Amino acid sequence: MKLLLDSTRCQGYGLCQEPAPDLIDLDEWGYATVVAEPAPGAAEDAARAAAESCPNSALKLER
């Protein structure tokens, strides 16, 4: 699985980091950066929750 970030869609809400703090960091302005790839299991579930929490669909989980 790969967590993809479309930085042009990110508005800096930071909602995606709450379910996936090990996978996503926020920069000094609150914009997301993907720092780790989700592993099968709990990390994959967290990545999916992060993608679903983004109101602008800036994150996508892809196989």
(request) Identify the single condition in (1) in contact with a Phe, Trp or Tyr (Cβ under 7 Å, 6 or more places away or on another chain); (2) modelled with pLDDT under 95 that Cys10 does not satisfy, given that it satisfies every other one. (result) (2)
(request) Only residues that are open to solvent by 80 Å² or more (accessible area, probe 1.4 Å), without any contact (Cβ under 8 Å) to a residue 24 or more places away in the chain and charged (D, E, K, R): list them for segment 1-44, please. (result) Glu28
(message) So Cys54 passes all but one of these: (1) in contact with a Cys (Cβ under 9 Å, 6 or more places away or on another chain); (2) open to solvent by 50 Å² or more (accessible area, probe 1.4 Å). Which condition number does it fail?
(response) (2)
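The values are calculated or read from the model by the stated rules, or taken from the named source; none is laboratory data. Small disclaimer: the values here were computed from a predicted structure and weren't measured. In this analysis, Cβ positions are derived from the backbone assuming ideal geometry, glycine residues included, and neighbour counts consider all displayed protein chains. Side chains included, ligands, DNA and RNA excluded: accessible areas come from the protein's heavy atoms. Shrake-Rupley method; radii C 1.70, N 1.55, O 1.52, S 1.80 Å.
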